[in-house]
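The values are calculated or read from the model by the stated rules, or taken from the named source; none is laboratory data. Everything numeric in this text was worked out from a predicted model, so none of it was measured. Every residue, glycine among them, receives a Cβ derived from its backbone with ideal geometry; neighbour counts consider all protein chains shown. For the accessible areas, the whole protein counts, side chains as well, though only heavy atoms, and no ligand, DNA or RNA atoms are used. Shrake-Rupley method; radii C 1.70, N 1.55, O 1.52, S 1.80 Å.
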Amino acid sequence: MEFELQSSRPIWQQLAEQLSRRIVTGVYAPGSRFPTVRELAAEAGVNPNTMQRALGQLESAGLVSTNRTAGRTVTEDTAVLDAIRAKLAKELIDRYFSEMEALGFPRARAAEMAAAEKERKV
């Protein structure tokens, strides 16, 4: 899975967001060993210091923890995972409504369109 980085925002923030998404979607399973800074930096094509800053953000959020002998591990705390998953979902919803408003659709109409699309796919 590749990292998608844009120059419009700080790289470490984008990395932290994409790694968070990987954790809550199960790419990195709860309780599993998390890749090293160097492994992730090489995968993303960034400086290890940049990746370290992103991982610091994940630690602050409680998504990973550092064990001196075992490296980093993914949290097994389902409350933390659920909270981050809900935060990411809210951001997606907010982005959807913002983009729809930019296209000229009021929030209520955008919600109707989303519901209709969901019904169409069921």
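So, residue 72, is that one crowded, with 16+ Cβ neighbours inside 10 Å, in contact (Cβ under 8 Å) with a residue 40 or more places away in the chain and not hydroxyl-bearing (Ser, Thr, Tyr) or not?
So residue 72 does not fit the description; no.
Determine whether residue 38 is modelled with pLDDT of 95 or more, on the phi < 0 side of the Ramachandran plot and open to solvent by 30 Å² or more (accessible area, probe 1.4 Å).
It is true that residue 38 is modelled with pLDDT of 95 or more, on the phi < 0 side of the Ramachandran plot and open to solvent by 30 Å² or more (accessible area, probe 1.4 Å).
State which residue is nearest to residue 34 (Cα to Cα) when the search covers only segment 75-122 and only residues that are open to solvent by 90 Å² or more (accessible area, probe 1.4 Å) and in a loop (DSSP other than H, G, I, E, B).
76
For residues that are more than 12 Å from the chain's Cα centre (by Cα) and of a type in the set (A, V, I, L, M), tally how many sit in segment 84-97.
Residues flagged as more than 12 Å from the chain's Cα centre (by Cα) and of a type in the set (A, V, I, L, M) within segment 84-97 amount to 1.
Do you know which residues across segment 35-68 are part of a loop (DSSP other than H, G, I, E, B) and over 19 Å from residue 79 (Cα atoms)?
35, 36, 45, 46, 47, 68
Go through (1) within 24 Å of residue 20 (Cβ to Cβ); (2) of a type outside the set (S, T, N, Q); (3) out of contact with any Gly (no Cβ under 9 Å at 6 or more places or on another chain) and name the single condition residue 116 misses.
(1)
Confirm whether residue 48 is open to solvent by 60 Å² or more (accessible area, probe 1.4 Å), modelled with pLDDT of 95 or more and not small (Gly, Ala, Ser).
Considered against the rule, which asks whether it is open to solvent by 60 Å² or more (accessible area, probe 1.4 Å), modelled with pLDDT of 95 or more and not small (Gly, Ala, Ser), residue 48 comes out as no.
Out of segment 3-32, which residues are open to solvent by 80 Å² or more (accessible area, probe 1.4 Å) and either aliphatic (A, V, I, L, M) or in contact with a strand residue (DSSP E or B) (Cβ under 6 Å, 6 or more places away or on another chain) (or both)?
Once the filter is applied, which keeps residues that are open to solvent by 80 Å² or more (accessible area, probe 1.4 Å) and either aliphatic (A, V, I, L, M) or in contact with a strand residue (DSSP E or B) (Cβ under 6 Å, 6 or more places away or on another chain) (or both), segment 3-32 yields nothing.
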